[in-house]
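Read the structure below first, then the notes.
The values are calculated or read from the model by the stated rules, or taken from the named source; none is laboratory data. Everything numeric here is computed off the predicted structure, so don't read it as measured data. In this analysis, Cβ positions are derived from the backbone assuming ideal geometry, glycine residues included, and neighbour counts consider all displayed protein chains. We work out accessible area using only protein heavy atoms, side chains counted, and drop any ligands, DNA or RNA first. Shrake-Rupley method; radii C 1.70, N 1.55, O 1.52, S 1.80 Å.
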Amino acid sequence: MKSRNIFFAALCAAVLAGCSCPSAGQRSPQRPSDYVSTLVGSQSDFTLSTGNTYPAVALPWGMNFWTPQTGKMGDGWAYTYNAHTIRGLKQTHQPSPWINDYGQFSLMPVRGEDKFDEESRASWFSHQSEVAKPYYYKTYLADHDIRVEITPTDRAAMMRFTFPESGESGVVVDAFDRGSRVEMVDDHTLAGYTTRNSGGVPENFRNWFVIRFDKPFSAVELTDSPASYKAGSRLLKPEGGKSAEGDHAVAKVHFTTHRGERVTLRIASSFISPEQALRNLETELGADDFETVKAKAQARWDEVLGRIEVSGGSVDQLRTFYSCLYRSTLFPRKFYEMDAAGNPIHYSPYNGEVRPGYMYTDTGFWDTFRCLFPLLNLVYPSVNAEIQAGLANTWRESGFLPEWASPGHRGCMVGNNSASVVSDAILKGITPAEEVEELYNAMLSGRTQVHPTVSSTGRLGHEYYNSLGYVPYNVGIHENVARTLEYAYDDWCIAQVARKLGRTEDAELLEKAAQNYRNVFDPETRLMRGRNEDGTFQTPFSPYKWGDAFTEGNSWHYTWSVFHDVEGLIDLMGGRKGFTRMLDSVFVVPPVYDDSYYGFRIHEITEMQVADMGNYAHGNQPAQHMIYLYDYAGQPRKAQWWVREVMDRLYSAKPDGYCGDAGNGPPS
């Protein structure tokens, strides 16, 4: 898009300052992956987010992630840094604790016949014995005297457990509740499925898994009701054909081990079929041993992280930078697999069919359109080309572009920001040529529709917006000013594509609609403000009120959401001097707030308060671009000063290293 109108050009320039793309033969003193800590942001809870992350052991954009599980089954805070015990090693697809997980199951090596359910099998661990890298996780389960290690591929993984001398060693496989199955295929192999999810899936949703051990089982236990099952009460011979299927299937395999004995597991899964799960295992792991898979995983991370080479900073700054870049290259995740001929296919989370082509998921465009996707376009364009092809498939399979997908359409946030993500890729020549027309039509369709069951998909309030030029405050549609501002920017984005395609009539209509932000600007307060259907502004009005007319922010935050026409906003505020004064005010006014819309103080408010930057809320997306607007007002020194303040004070490579939610990568 036109650089003079896109704020994220300045944002990406700041991110890339002091960086270069390495030429052939150049090498950093240390491998980029060695700087990364996956624990950054994990010291979080419901009341205060320092990232709300978990230590994902995965490949970049991989279909499956793995994480040590400290929380109970179904807890969105699957791993928290302050926890003392681990309940399992979980395959996860969770993009955010607020969205939660789907297709999850866990494994837990244990010692003791009475260790079975998630309470009895839990073990103390310590960060002193924990290694948490993108390509490798290791810790010591103190209560079992077992060392665990994990290393990933895109759709498979290997685990290595080092056991003590015991006649009661084993591994528990928990397929979780709400419908699951575990079957013993033979005395080395378990298979099954989990249906556990938090929404956004068709009725036939399954995550099929297969687990191969390099040590034969001496016995196996199977149950579909672990809450009432007495551990050790029913040991079965390790023969194929035995299974448990029901609400909550759990298996435990038994074997005798000598001290220091390593048992290696090869694990893969598929959303398509059990046969595809086996194909994923054989294709991605093959005959590789644990160390080979680990080396390949690290090499892949070095390739991705090494796209940006950093110099001149301290070791702590390098750790912070590459830990952030790691977090920015996890989502959206691949939701496609490869068939026997090596072609991409996917289970559609929109219609339940297996279809050809790419599919990515687990991203919310409200969170990611401002900076994550511009980063992908600049640094990882081939990845975004696949993502765009997947978006075209989403449109074909559901009639809508996604706004928040996990794995299908989810009811979360506002806006029609798929238009920004799709338009930018088309204009930068990244979108596959055969999909451009399809995606353009999808964007136009989204202007006049709302999903029948997921109102955050499409445009809620489009009838008002397209007739009045704004979504009114008093017609029962919450967060109406936020919607109006984002729809206006989205219209500008689509207009740029219309111009590129020679659709002059469309472009003129869209460019006019892109000025709709003016309809919610209050010249008296020089802030964005809710406007009633009759044209009057909302009364009473407090610029400190979170939510209501805005989304996870207040008027001080959302007033700057005119990404496409900063000069126009400057004019509305009386010129550069008045514009600068309003920008300054955000940092000067105290961090007071009105949380009456929510009825309690949401964590984003707390994160604004504790940052000690007035009413500036860098911990959430609506205001993160605001600092760069000083450049448009001829005050680059202020932009530079505040950027440095934010980077130095609000980011680190520690477990509390973020200033707000970072699961999808935006703050990074």
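Touching a strand residue (DSSP E or B) at 6+ places or on another chain (Cβ under 7 Å) and of a type in the set (S, T, N, Q), is that true of Ser323? Steps first, answer last, please.
Numbers: touching a strand residue (DSSP E or B) at 6+ places or on another chain (Cβ under 7 Å): no; of a type in the set (S, T, N, Q): yes.
For Ser323, the condition - touching a strand residue (DSSP E or B) at 6+ places or on another chain (Cβ under 7 Å) and of a type in the set (S, T, N, Q) - is not met.
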Here the residues within the stretch 162-182 that are open to solvent by 10 Å² or more (accessible area, probe 1.4 Å) and more than 30 Å from the chain's Cα centre (by Cα) are Thr162, Glu165, Ser166, Gly167, Glu168
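Quick one: would you say Tyr597 is within 24 Å of Gly476 (Cα to Cα), open to solvent by 20 Å² or more (accessible area, probe 1.4 Å) and over 23 Å from the mean Cα position of the chain (by Cα)?
Values: within 24 Å of Gly476 (Cα to Cα): yes; open to solvent by 20 Å² or more (accessible area, probe 1.4 Å): yes; over 23 Å from the mean Cα position of the chain (by Cα): yes.
Judged against the criteria, Tyr597 is a match.
Identify, from the list Tyr358, Tyr440, the residue that is under 19 Å from Pro95 (Cβ atoms) and of a type outside the set (Asp, Glu). Let's see the steps before the verdict.
On the way: Tyr440 fails: under 19 Å from Pro95 (Cβ atoms).
After applying the criteria, what remains is Tyr358.
Could you grab me the full set of residues in the stretch 247-283 that are under 30 Å from Asn204 (Cα atoms) and part of a loop (DSSP other than H, G, I, E, B)?
Filtering the stretch 247-283 for residues under 30 Å from Asn204 (Cα atoms) gives 247-253, 265-283.
Those that are under 30 Å from Asn204 (Cα atoms) and part of a loop (DSSP other than H, G, I, E, B): Asp247, His248, Ala249, Phe271, Ile272, Ser273.
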Being in a helix (DSSP H, G or I), over 26 Å from Arg300 (Cα atoms) and either at pLDDT below 95 or aliphatic (A, V, I, L, M) (or both) is the filter here, so list the residues in the stretch 410-437 that pass it.
Ala419, Val422, Ile426, Leu427, Ala433, Val436
Matching entry among Pro407, Pro452 (being part of a loop (DSSP other than H, G, I, E, B) and closer than 22 Å to Ala385 by Cβ)
Pro407
For the stretch 501-527, pairs from a residue that is at pLDDT 95 or above to a residue that is surrounded by fewer than 18 Cβ atoms within 10 Å (Cβ to Cβ) and outside any helix (DSSP H, G or I), with Cβ under 7 Å and 6 or more apart or across chains, are Asp522/Phe537
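Of the residues Val471, Val481, Val475, only one is β-branched (Val, Ile, Thr), in a helix (DSSP H, G or I) and farther than 20 Å from Gly399 by Cβ; which? Write out each step before concluding.
Numbers: Val471 fails: in a helix (DSSP H, G or I); Val475 fails: in a helix (DSSP H, G or I).
Of the residues listed, the single one that is β-branched (Val, Ile, Thr), in a helix (DSSP H, G or I) and farther than 20 Å from Gly399 by Cβ is Val481.
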Boolean, Ile150 is in contact with a Phe, Trp or Tyr (Cβ under 8 Å, 6 or more places away or on another chain), part of a strand (DSSP E or B), under 26 Å from Asp656 (Cβ atoms) and in contact (Cβ under 8 Å) with a residue 60 or more places away in the chain
yes
Within the stretch 352-372, residues over 26 Å from Met626 (Cα atoms) and in a strand (DSSP E or B) come out as Val354, Arg355, Pro356, Tyr360, Thr361
With the requirement that a residue be within 19 Å of Ala251 (Cβ to Cβ) and outside any loop (DSSP other than H, G, I, E, B), what does the stretch 90-107 give you?
Lys90, Gln91, Phe105, Ser106, Leu107
Given the structure, is Gly112 among the small types (Gly, Ala, Ser) and under 20 Å from Ala191 (Cβ atoms)?
no
Select from the stretch 462-471 the residues that are touching a Lys or Arg at 6+ places or on another chain (Cβ under 8 Å) and surrounded by fewer than 24 Cβ atoms within 10 Å (Cβ to Cβ) and write down the one among them that is farthest from Asn519 (Cα to Cα).
His462
List, please: which pairs have Cβ atoms under 7 Å, are six or more places apart or on different chains, and start with a residue in the stretch 113-134 that is farther than 16 Å from Ile146 by Cβ and end with one that is open to solvent by 40 Å² or more (accessible area, probe 1.4 Å) and hydrophobic (A, V, I, L, M, F, W, C)?
Glu118/Met73
Please enumerate the residues belonging to the stretch 477-500 that are among the polar types (S, T, N, Q) and either closer than 15 Å to Asn519 by Cα or at pLDDT below 95 (or both).
Asn480, Thr484
Filtering the stretch 106-143 down to residues that are aromatic (Phe, Trp, Tyr) and open to solvent by 40 Å² or more (accessible area, probe 1.4 Å) yields Trp124, Tyr140
Could you check the stretch 65-82 and list, in sequence order, the residues that are buried (at least 24 other Cβ atoms within 10 Å of the Cβ) and small (Gly, Ala, Ser)?
Ala78
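When only residues in the stretch 191-219 that are open to solvent by 30 Å² or more (accessible area, probe 1.4 Å) and of a type in the set (D, E, K, R) count, which is nearest to Ile267 (Cα to Cα)?
Pass one, the stretch 191-219, residues open to solvent by 30 Å² or more (accessible area, probe 1.4 Å): 197-198, 201, 203-204, 206, 208, 212, 214-216, 218.
Adding the requirement that they be of a type in the set (D, E, K, R) leaves 203, 206, 212, 214-215.
Details: Glu203: 25, Arg206: 16, Arg212: 6, Asp214: 12, Lys215: 14 Å.
Per the criteria, the residue is Arg212.
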Restricted to the stretch 277-310, and to residues that are over 19 Å from Val263 (Cα atoms) and β-branched (Val, Ile, Thr), which residue is modelled with the lowest pLDDT?
Val310
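Can you work out which of the residues in the stretch 482-502 that are among the basic types (Lys, Arg) and under 20 Å from Ile430 (Cβ atoms) is surrounded by the fewest Cβ atoms within 10 Å (Cβ to Cβ)?
Keep residues of the stretch 482-502 that are among the basic types (Lys, Arg), which gives 483, 499-500.
So of that shortlist, the ones also under 20 Å from Ile430 (Cβ atoms) come out as 499-500.
Numbers: Arg499: 16, Lys500: 14.
For the stretch 482-502, the residue satisfying everything is Lys500.
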Check Gly88, Gly62, Gly103 and return the single one that is modelled with pLDDT of 95 or more, in contact with a His (Cβ under 9 Å, 6 or more places away or on another chain), closer than 18 Å to Pro152 by Cβ and crowded, with 22+ Cβ neighbours inside 10 Å.
Gly103
Select from the stretch 284-297 the residues that are surrounded by fewer than 18 Cβ atoms within 10 Å (Cβ to Cβ) and either in contact with a His (Cβ under 7 Å, 6 or more places away or on another chain) or not in a loop (DSSP other than H, G, I, E, B) (or both) and list them in ascending order.
Glu291, Thr292, Ala295, Lys296
Result of the Cβ filter at 7 Å on the stretch 424-445, keeping first residues that are over 16 Å from Gly399 (Cα atoms) and partners that are at pLDDT below 95 and of a type outside the set (S, T, N, Q), at least 6 apart or interchain, is Asp424/Met1; Leu427/Met1
Do any residues in the stretch 257-279 that are open to solvent by less than 40 Å² (accessible area, probe 1.4 Å) have Cβ atoms under 8 Å from those of residues that are outside any strand (DSSP E or B) and of a type in the set (Phe, Trp, Tyr), where the two are at least six apart or on different chains, and which pairs are they?
Thr264/Phe290; Phe271/Phe205; Phe271/Phe335
Can you find a residue that is surrounded by 21 or more Cβ atoms within 10 Å (Cβ to Cβ), touching a helix residue (DSSP H, G or I) at 6+ places or on another chain (Cβ under 7 Å) and hydrophobic (A, V, I, L, M, F, W, C) anywhere in the stretch 323-331?
yes
So, Gly657, is that one open to solvent by less than 10 Å² (accessible area, probe 1.4 Å) and modelled with pLDDT under 95 or not?
no
Quick check on the stretch 246-255. Is at least one of its residues touching a strand residue (DSSP E or B) at 6+ places or on another chain (Cβ under 7 Å) and open to solvent by 30 Å² or more (accessible area, probe 1.4 Å)?
no
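Filter the strands (runs of 3 or more DSSP E) completely within the stretch 165-245 down to those with at least 2 residues that are within 28 Å of Gly352 (Cα to Cα) and among the aromatic types (Phe, Trp, Tyr). Spell out the reasoning first.
Numbers: elements: 166-174, 180-186, 189-194, 207-213, 219-223.
Those strands (runs of 3 or more DSSP E) span 207-213.
Can you pull out the residues in the stretch 414-438 that are at positive phi and either open to solvent by less than 20 Å² (accessible area, probe 1.4 Å) or under 22 Å from the mean Cα position of the chain (by Cα) (or both)? Steps first, answer last, please.
Restricting attention to the stretch 414-438, the residues satisfying the condition of being at positive phi are 415, 429.
The answer is Gly415, and nothing else.
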